[in-house]
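Bear in mind that the values in this text are calculations on the coordinates, not laboratory data. Since the structure is predicted, the reported quantities are computational estimates derived from the model, not experimental observations. Neighbour counts run over all protein chains shown; Cβ positions are idealised from the backbone, glycine included.
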Amino acid sequence: MAKINPAFGKELNKYGAVNFNACYNCGNCTAVCSLSTEDVSFPREMVRLSALGLEDDIKASLKPWECYYCGECSTHCPQEANPGELMMSIRRYLTAKYDWTGLSGLLYKSLPLSLAAFILTFAGVIAFAFSVGFELDKMLKFGHLFEGIAIGTIGLVILMPNIARMWYFTILKPKVKVPFMKYVKSTSELFVHMFTQKRALGCDDNQFRWLEHFILVIGYLSMLFTTVALDWFGTTNLFVIILGYVMSAIVFVVTVDFVSSRMKKNKEVSKHSQPSDIFFVVWLFLMGLTAFMVRLFIDLDILEMNKWLYIFHLTVLVQWALIIVPFGKWTHFLYRSFAMYFAKLKE
Amino acid sequence: MEVEIGKTAKYLREKLGGIPEQAKKNLKEFNAIKRKMLDALKEEDLTVKQMSEKIDMPTHEVLYYLMSLVKYGFVKTGEVDDMDEYYTYKLNK
Amino acid sequence: MEKKPKKIGVYICHCGGNISDYVDVEKVRQSVEGEDIVFIAKTTMFACSDANQRDMVEDIKANELDGVIVASCSPKLHQLTFRNVSIRADLNKYTYVHANIREQASWAHSDNKMGATEKAIHLVKAAIAKSRYAEALETNKIKATKAVAVIGAGVAGIKAAISLAEKDTEVILIEKEPFVGGRVAQWDSLSTTTESGKDMVKRLYNELLKHDNITIMTNSEVIENKGSVGNISLKVRKTPRFIKASACHPDDLKRAIEVCPVEVPDEFNFRLNNRKAIYKNYPSEYPQIPVIDIKHCTRCGECEKVCKAVNFSEKEEILEINVGSVLMATGFDSYTPEYGEFGYATSENVITLPQFKRLIDTQFDKLVYNGKQIKNIAYIYCVGSRQTEGENTYCSRNCCTSTIHAAVTAKGKFADINNYHFNRGLRTYGKQEILYADSLRQGDIYLQSYEDGLPTVATEGKKTIVKINDILTNGREIEVEADLVVLVIGMVPRSDNSTIGSLFKIPKGRDKFYNEVHMKLRPVETVIDGITIAGACQGPKNITESINSALSAATKSYSILSKGELETDPLVATIDPEKCTWCGACEAACPFDAILKVENGKKVVAEINNSVCKGCGMCAPVCEPDAVNLIACSSKEIMSMIDALV
Amino acid sequence: MEKESSIPNGTNSNSPLGVGDSNPIKNITYDALVIGAGIAGGEVALNLANTGYKVLLLDKELSVGGKMIMLSKVFPTLDCAACITTPKVSEISRHPNITIFTGSEVSNIKKLSDNEFTAKVTKHPRYVRVEDCTACQLCEKACPVNVRDQYQFGLIGRKAAFIPFSICSPKAAAIDIDNCTLCGACEKVCPTNCIDFTQETEIMNLHVKTVVVATGFDTFDAKKMPRYGYGQYKNVITALQMERELAPTRPFNTILRPGDGKVPDKIAYVLCVGSRDASVGNPICSQICCMYSIKQAQLLMGALPMADVTIYYINIRSFGKGFEEFYQQAKGMGVNFVKGKIGRISEKESGNLILRYEDINEGKLQEAEHDMVILSTGVLPNTGIEKFFESQTLTLDPFNFVGQSDALASPAKTSIEGVFVAGTATGPMDIPDSILSAGAASSEAISYLINQQN
């Protein structure tokens, strides 16, 4: 027995859903979607659940994560109901629901709040820089320390519990019985998807986008590893230095293309971009670019004269680590992979 | 200009200064295909598929020309195969 | 008797495979070409085609044929076509004989080709036998009255009346109710226009008034019908209004309504409220004179005291009118749900769509029903239409659109309402699809079932719960707690169709609506010559469709009468006064009241009224002394046909 | 056939071999001009003619009868379309008050005053003198050319000298000049010497009192939806093509799939191709596709008793008189109805087709294999008519059909007083509705003519 909640649509609209009520349930979206299968059919089911406002069913579903938003469903929707954008909005909604702090939801729904958070973190960085008297060494040292601590803390305090909540919504609450050994055996699925996003390859005409994305993920993870584990800014190892250059260059070059397509809104995927999508790519771009320049300035030995550059980089880093990673779009990276893993468990 | 009844095509041909190239080409092509098909059917009765292999032409075009030849009385439809799927076509003698 | 042997031509039609797929037409041709009177026997792909008709004319002229036979489809379809061929070939059209080898042979025996061919041969031989005796006959010419009675003053009737009047035709517009406008007058908001139903009726009524060749009769009913096309005489009973139009000031009339102590349920508002015994349905209603509902009036005299126009001495009148044609535009009834059908009459939260439409028309700001503010509305579609159990198997055509229009209007007018549509597959055909899309975009929710899983309505305390296994959500059971349940009731034939319809002997279809002769060839004519049908009395229609059919019917009625003269078939019964003993059996058997009892000087005998007789033959077999003879179906012809058949 | 010479105020333009005379522009006068000689235009012409008005009925095609004359049988009664159209067509072509111009176009329509319209009529040469042609088909036999037959929607060939189709009217040959090689073979065999290559385009000045637009509809071009593969996969055809395959004058004399001539046994109908689909620019419902598909399914079950027929639909719109019963009858005969719009079609090597759809009842994506697919293409407006009106604007509706100035109360009236509209020119409708709409247009036109006389 299910009860309808027509008010739910308004909630979803805040996460960016557009006109999905127009759906007359022809199923064309599911039929044109190249990722849809007999066992896992979407997006119409999600459109229907959203129109009826059956929230529990949406929360229990992993289907939103199975979609890689090629946009075919929206292009061919006879009612112009934007099923693709709805899937995207549900992902934002789910991200907010998985997040125990509730901050994700607030940031997604309110642009002023997001901006306030960015300003606050910026003020914090300035305050810190002031407190150490704008000494570059101290700032660099702290920056490096911050990276390690942030990764650990956010991972343990925010992301792990959120994954646990996702598991609760999608496996435990719907009473899916999974033998323990299956959890172990299926872990490979988790990592394969996390690092390759190979599922997106199934999207039609999407090979280039997948490749771009793949390079970006590898570049980003390597940059993270290079700066955090190999202390790129502090190292003298030539190999590490070059590695850092390459990786950060990859990140900002690839993101340029992402940003420009978001700006042009020419593809179905980017027609309805939300601020959170733009923050994500722009900050990624800034991360790559500022990291590259900081290291370049170090090598040219002119960073001392251009401390503002490092402060800028640190600001971007802090905002990235404290806003975008735990509460913003970054989490897709995790939830998608876990969704694949959980889907395997459900099989 | 006086034109003789029954010979007006000549008049138009002269007026236009010839025959449209496309029409000429099309007629030549049709005549060639017609000859090929009728020759093939002289040897044996054929289905569309067999004809397609024999004269190296896509099946949909074979069907189009073959049915046109049936319409014009050169070819006639024969028996259908055991599966009730494909008809054979033969010369209409 | 016979001077020289007849020469006839026989044409056997393939009907493009309809016949030739089952009947070996060539064999039929061969087996009849040797018959003595058959001069030509041919087969043809389409006998009715222009080319073949041309051939027939040439054959007849070149070979001086005396008659032709076409063996093809039902004579209903093409007898007329080939009679006209005969005329063009300078033959008398009654020498033409039709053989039906499609419906009677190929279609009826599609499983037995041999048998179908055999039967076709017999049928053609029977036609040849008839042709042997078929005589040239003259059509009867009668003068036609250039006047049309339009029955029903809904939008279809009004529009037909205007259209006829514009064509210099006298019109008598007869309306049973005291006011004109029919159903459309009951609606404020109409789909696809900003004009209200009432304004549309007002506009049309004002147009009616411009024509002085239109007589409007309200409160009037046809009670008798005599004669036939060209000369129809009708008796109309006119119930008085009991109010003299000229004598009174409108304010006094208003007071009269105020003081009336009687209250009866207001049918105009679908019994949502009460009205007085002296009433008008709405202020601008036409004619602009109130009426006294004499059935409910207690004759207390209160109204007389305040208004001089009230006049209880007015008497019922019976008027006789003569017209050449009758245009039926009597409209439809709304389906009345069974007791308890989706909670109808058992739950106080359940109303019908017409009631709901009146409700939203009459309320402002807040939607309140039974003192309760309405938030969630459940519409249940196809109530009384597309029934799997029940008589109404047809789709009522415009209820989907009508409901969505009401839902959109309600949502636009009242804040915070939710519309839930429990449908069986939306049928917003054509441009109406846009309305459906609008309703979806504004957030209406549609839940669908099939015929075998209809929604249920249950009352739990004060709540009304509607449940459905929604096929759009993988068949899941979904429930809605509704403040108001709106039953989308379909259109059904009017309950008084059996009285007025049988007065004119209009046949009804499977759906019990009036039936046209042929949906595509003659869509507004009935088998009764001179009687046309328009609007929803023929089947569910929306306003535009009703008007189209009304104008078509007007064109037909007009073209029948425009020449002032009519030809009628000479195929009628005749009475041999020598043999007739007047037993009255024929009179009783005649469905058209064409038989009169007359005294011819010597004795009492039956006589046929030629303009009424349809030549149906009902009288012939009941006549014991065998005094009835049917022209063109003489015993000689029939017996020879039987001989050929057996 | 004498029609063509009974033009008032004019000489017979087809007079043979008057070559060299520069044709002066003729003036012709009628009471009414009816543009489009389909079933609606024909009905209007008949109604007006029967009440005594002189009508010019004009069509750009070589035959009157419009789309209906090309159909097989018609729903829901399953009468053969020819049995209904041919007698009407014959009545129209014989009527003394009706003049028919086929292969003709009208332009520059101007309203001068209340009962005065002028227009330019362009009559394209047929290269055959219709009044002399006996439709003996000898020219057709003699002609060496073969081109795709437009009246069979390209399924089969025809000659360059040809009779458009067996029940066409006027039933006379025509020369397809674009494909003609001017060999003269047709002339040599013609027993009545009716072939005349000296004919030229004729321009006439037309004066009428009223105009009825009955220009009909167009169908959606399925090539605009590449995901259905029409044009690319040979076994994907349109419903109009199937209509020809089922018609009495069918091109293959049986049902064959055009890809390789196989007798199909798993046939699919894809509904709403180009209708109810904003993504291809046509959001409205075409009103007839459900029913004609159900009809074709029933006919196919009759023609191929072993075949499976499946109809993929969004909603079945069997709303008219007898339609719902007809739909139920199809279900009873074993036609499969599957709720779900087809998303994509792909072709297998065998020529069979894989249809991808969501079975809405199950909520699951499915793929089904069929050996022939029929696209039930939607109804679109026949665009461009408004361009021919010069002095006043003929307003169109948002979907580019001819606009109705008073859609509810006077559906046949347009934005120009004295110009009326009939049939599918105003929007999708079925045959009975077209005829009723034609009845309404006739009524309005007659009233208009009478009013102007008074």
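For the range C:167-267, build the convex hull from the C-alpha positions and give me its volume per residue in Å³.
So the per-residue hull volume is 185 Å³.
Of the candidates A:SER131, A:SER273, A:SER36, which one comes out as most mobile in a Gaussian network treatment of chain A with C-alpha springs shorter than 10 Å?
The residue that fluctuates most here is A:SER131.
Mind jotting down the distance between the C-alpha centroids of the range C:128-148 and the range A:103-126, whole Å?
95
Given C-alpha coordinates of the range A:217-347, what is the ratio Rg to Rh with the Kirkwood estimate of Rh?
Value, to two decimals: 1.04.
Report the label-to-label distance for B:LYS93 and C:ILE294 in nanometres (one decimal), using points 7 Å from each Cα along the Cα→Cβ vector.
Each label point is offset 7 Å from its Cα along the Cβ direction, giving 9.4 nm.
Residue by residue, what Karplus-based ³J(HN,Hα) values in Hz, rounded to whole numbers, does the range D:422-432 have, using 6.51, -1.76 and 1.60 with θ = phi - 60° and x for Gly and Pro?
9, x, 6, 4, 8, x, x, 7, 8, 5, x
Quick check: pseudo-label points 7 Å beyond the Cα along Cα→Cβ at C:ASP251 and D:ASN27, how many nm apart are they?
For the pair C:ASP251/D:ASN27, the computed spacing is 6.5 nm.
Could you give me D for the range D:323-454, from Stokes-Einstein at 4 °C and 1.567 mPa s, where the hydrodynamic radius is the Kirkwood radius over C-alpha pairs? Units µm² s⁻¹, please.
Answer from the Stokes-Einstein relation: 69 µm²/s.
Looking only at other chains, what is the average number of their beta-carbon atoms within 10 angstrom of each beta-carbon in A:16-22?
If you average over the peptide's residues, the count of other-chain Cβ atoms is 3.
Would you calculate the convex hull of the Cα atoms in the range C:569-630 and tell me its volume per residue in Å³?
Cα convex hull per residue, to the nearest whole number: 70 Å³.
What average count of beta carbons from other chains do you get within 10 Å of the Cβ of residues in A:64-77?
That works out to 1 on average.
Show which lysines lie in cross-link reach of C:LYS254 when reach means a straight Cα distance below 18 angstrom and same-chain residues fewer than eight apart are skipped.
Straight-line reach from C:LYS254, under 18 Å: C:LYS244, C:LYS276, C:LYS280, C:LYS305, C:LYS308.
Put +1 on the Cβ of each Lys and Arg and -1 on the Cβ of each Asp and Glu in the range C:532-646; which of C:LEU645, C:PHE592, C:ILE547 then has its Cα farthest toward the positive end of the dipole?
C:ILE547
Which residue, A:ASN25, A:ASN13, A:ASN162, tops the fluctuation ranking in a GNM of chain A built on C-alpha contacts under 10 Å?
Per the Cα network of chain A with a 10 Å cutoff, A:ASN25 tops the list.
Please list, in chain and number order, the residues 5+ apart from D:LYS266 or on another chain whose amide H is under 5 Å from its amide H, with Hs placed from the backbone.
D:ASP308, D:ASP371, D:MET372
Highest first, please rank the peptides B:46-59, A:170-183, A:145-158 by the mean number of other Cβ atoms sitting within 10 Å of their residues.
B:46-59, A:145-158, A:170-183
Could you name the lysines whose alpha carbon sits less than 18 Å from that of A:LYS141, not counting residues in the same chain fewer than 8 places away?
Candidates past the 8-residue exclusion: A:LYS307.
For all pairs of alpha-carbon atoms in the range D:186-343, what percent lies in each bin of width 10 Å, listed from the first bin to the last filled one?
Result returned by the calculation: 9, 29, 28, 15, 13, 6.
Output wanted: per-residue J couplings in Hz (rounded whole) for the range C:491-507, from phi through Karplus 6.51 cos²θ - 1.76 cosθ + 1.60, θ = phi - 60°, x for Gly and Pro.
Running phi through 6.51 cos²θ - 1.76 cosθ + 1.60 with θ = phi - 60° gives 9, 10, x, 5, 5, 8, 4, 5, 7, 5, x, 6, 4, 9, 6, 7, x Hz.
Using the structure shown, list the pairs from A:LYS97/A:LYS329; C:LYS146/D:LYS54; C:LYS27/C:LYS76; A:LYS59/A:LYS175; A:LYS14/A:LYS97; C:LYS520/D:LYS88 with a Cα-Cα distance above 18 Å, or answer none.
Violating the 18 Å limit, Cα to Cα: C:LYS146/D:LYS54; C:LYS27/C:LYS76.
Which of the peptides D:287-294, C:404-411, C:487-494, D:200-207 is most tightly packed, and how do the rest follow, judged by the mean count of other Cβ atoms within 10 Å per residue?
Result, highest mean Cβ count within 10 Å first: D:287-294, C:487-494, C:404-411, D:200-207.
In Å, what is the Rg of the alpha-carbon atoms in chain A, and how long is Dmax?
21.2, 69
Towards the positive end of the charge dipole of the protein assembly as shown, with charges on Cβ (+1 Lys, Arg; -1 Asp, Glu), say which of D:PRO170, D:TYR127, B:PHE30 has the farthest Cα.
The Cα lying farthest towards the positive end belongs to B:PHE30.
List, in the order given, every pair from D:LYS223/D:LYS266; C:LYS508/C:LYS579; A:LYS10/C:LYS462; C:LYS42/C:LYS579; C:LYS141/C:LYS202 whose Cα-Cα distance in the structure shown is over 32 Å.
Where the Cα-Cα span goes over 32 Å, the pairs concerned are C:LYS508/C:LYS579; C:LYS42/C:LYS579; C:LYS141/C:LYS202.
Among all stretches of chain C without exposed chymotrypsin sites (Phe, Trp or Tyr not before Pro) (DSSP loop, at most 10 other Cβ atoms within 10 Å), which one is longest?
C:1-338
According to the Cα gyration tensor, what semi-axes, each the square root of 5 times an eigenvalue, does the equivalent ellipsoid of chain D have, listed from largest to smallest in whole Å?
For chain D, the semi-axes come out at 39, 28, 18 Å.
At 222 nm, what value in deg cm²/dmol follows for chain A if DSSP H runs of at least 4 each add -39500 (n - 2.57) and the sum is divided by all its residues, to the nearest 500?
-20000 deg cm²/dmol
Checking the table B:LYS34/B:LYS54; D:LYS120/D:LYS413; C:LYS226/C:LYS315; B:LYS10/D:LYS188; C:LYS6/C:LYS130; D:LYS73/D:LYS321 against a 19 Å threshold on Cα-Cα, which pairs fail?
As for pairs spanning more than 19 Å Cα to Cα, those are D:LYS120/D:LYS413; C:LYS226/C:LYS315.
Just grab the label-to-label distance for C:GLU304 and D:LYS331, each label 7 Å out from Cα along the Cβ direction, in nm (one decimal).
Placing both labels 7 Å beyond Cα along the Cβ direction yields 6.2 nm.
Over all residues in C:539-546, what is the mean tally of Cβ atoms on other chains that come within 10 Å of each residue's Cβ?
Averaged over the peptide's residues, the number is 5.
Using only the alpha-carbon atoms of the protein assembly as shown as identical scatterers, what base-10 log of I(q)/I(0) does the Debye formula give at q = 0.06, 0.07, 0.09 Å⁻¹?
With one equal scatterer per Cα and no solvent, log10 I(q)/I(0) is -0.74, -0.96, -1.36.
Mean residue ellipticity at 222 nm from the helices of chain C, using -39,500 (n - 2.57) per DSSP H segment of n ≥ 4 over the full residue count, to the nearest 500 deg cm²/dmol?
That comes out to -8500 deg cm²/dmol.
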